[in-house]
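The values are calculated or read from the model by the stated rules, or taken from the named source; none is laboratory data. Computed from a predicted model, the values in this text were never measured in an experiment. Here the Cβ positions follow ideal geometry from the backbone for every residue, glycine too, while neighbour counts run over all protein chains shown. All accessible areas refer to the heavy atoms of the entire protein, side chains included, with ligands and DNA or RNA removed. Shrake-Rupley method; radii C 1.70, N 1.55, O 1.52, S 1.80 Å.
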Amino acid sequence: QGQLVESGGGLVQAGGSLRLSCDASGRTFNMNAMGWFRQAPGKEREFVAAITWIGGSTYYADSVKGRFTISKDNAKNMVYLQMNNLKPEDTAAYYCAARTRYYTNYDVNYNYWGQGTQVTVSS
């Protein structure tokens, strides 16, 4: 699809911070919500955070609450994930995702996906 492009991944030490960006300027669909997911080697993809495109309501996985912040810029078609106090268990490929319709739960039903950006946290 190539309509979502992530950037900002890298190698950081535990306790450090990193900001991920997702560029959706090339999209051809309307967005209900944007989300971030991650997948570590040998593990299933898991939900990290989501934000509704119009209202700006945010949702977080318990594992990242208080450490990660999702935000957006509608005019620029950008979504961000500010990650603070990173832990080794945060190491994963992070994916930006979008969904086109409303659902009551914000960790499911995403239709479009980026290629991912690698985040590695060393101890």
**Asked** Does residue 123 count as in contact with a Pro (Cβ under 8 Å, 6 or more places away or on another chain) and either open to solvent by 50 Å² or more (accessible area, probe 1.4 Å) or at positive phi (or both)?
**Response** yes
**Prompt:** Mind checking whether some residue in the stretch 91-103 is within 25 Å of residue 26 (Cβ to Cβ), among the aromatic types (Phe, Trp, Tyr) and modelled with pLDDT under 95?
**Reply:** yes
